[in-house]
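Report on the following structure.
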Amino acid sequence: MSREVPFWQRPLESLNPAEWEALCDGCARCCLQKLEDEETAEVYYTHVVCRYLDPATSRCGCYSERSEKVPECVVVTPELAATADWLPGTCAYRLRANNQPLPGWHPLLRGDQTDMKRADIMIGEIAISEEHVHPDELEDHIIDWID
Ligand code: SF4
Ligand code: SF4
């Protein structure tokens, strides 16, 4: 007897648009501003977040128009997920692109975001909107708890 493999265990390239969207855990970590060291190319996360993020839900407030409103907002693709080592280590796309399992708190495994909230994965409520931080002061907001 064969058992159907859950879609999140299939290769990213095989997912349909609805499956692809469902794979995102909604952590919004990728919406945090980052700084890159010009000499080493190392990327540092800050706890300053895009102005369009809804802090209460950790969801994008302009998702369908995000590329027009925020040109630097990166649209994740299977190719990007496989190569972008700046994506958070918890990112479902990055994990699956590297053939790793989803974390146990992932909403697809748990049914909702309760466990990921408990694990402090969502950043909406703890991040500071970029509207309140001068770009020259971003360096003061570097954090070390996102790998
Ligand atoms: S536009 Fe939306 S998805 Fe893009 S960085 Fe901002 S909040 Fe995140
Ligand atoms: S880091 Fe990955 S899983 Fe989290 S919101 Fe961004 S794309 Fe989705």
Quiz prompt | Filter pass, PRO55 being over 28 Å from ARG10 (Cβ atoms) and either within 10 Å of ligand 2 (Cβ to nearest atom) or under 15 Å from the mean Cα position of the chain (by Cα) (or both) | solution = yes
Exercise. Test ARG29 against the criterion of being within 16 Å of ligand 2 (Cβ to nearest atom), at negative phi, in contact with a Leu (Cβ under 9 Å, 6 or more places away or on another chain) and open to solvent by 50 Å² or more (accessible area, probe 1.4 Å), and give yes or no.
Key: no
Quiz item: Out of the residues in the stretch 73-108 that are under 21 Å from TYR45 (Cα atoms) and touching an Asp or Glu at 6+ places or on another chain (Cβ under 6 Å), which is farthest from ligand 2 (Cβ to nearest atom)?
Solution: GLY89
Practice problem: Could you tell me which of the residues ILE142, ILE146 is of a type in the set (Val, Ile, Thr), surrounded by 16 or more Cβ atoms within 10 Å (Cβ to Cβ) and farther than 24 Å from ASN16 by Cβ? | Solution: ILE146
Exercise. Determine, yes or no, whether ASP37 is over 12 Å from the mean Cα position of the chain (by Cα) and under 23 Å from ARG10 (Cα atoms).
Key: no
Exercise. Filter the stretch 63-83 down to residues that are at pLDDT 95 or above and either away from ligand 1 (no atom under 14 Å from the Cβ) or closer than 26 Å to ASP144 by Cβ (or both), then give me how many there are.
Key: 10
Quiz item: Would you pick out the residues in the stretch 94-113 that are open to solvent by less than 60 Å² (accessible area, probe 1.4 Å) and closer than 24 Å to ALA56 by Cβ?
Solution: PRO103, TRP105, HIS106, PRO107, LEU108, GLN113
Practice problem: Mind listing whichever residues of the stretch 41-62 are modelled with pLDDT of 95 or more and not hydrophobic (A, V, I, L, M, F, W, C)? | Solution: TYR44, TYR45, THR46, HIS47, ARG51, TYR52, ASP54, GLY61
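Looking at the stretch 38-68 only, could you name the residues that are open to solvent by less than 70 Å² (accessible area, probe 1.4 Å) and of a type in the set (Phe, Trp, Tyr)?
TYR45
The values are calculated or read from the model by the stated rules, or taken from the named source; none is laboratory data. Predicted model, so just to flag it, every value in this text is computed and none were measured. Backbone-built Cβ (ideal geometry, glycine too); neighbour counts: all protein chains shown. Ligands, DNA and RNA are excluded from the accessible area calculation, which covers all protein heavy atoms including side chains. Shrake-Rupley method; radii C 1.70, N 1.55, O 1.52, S 1.80 Å.
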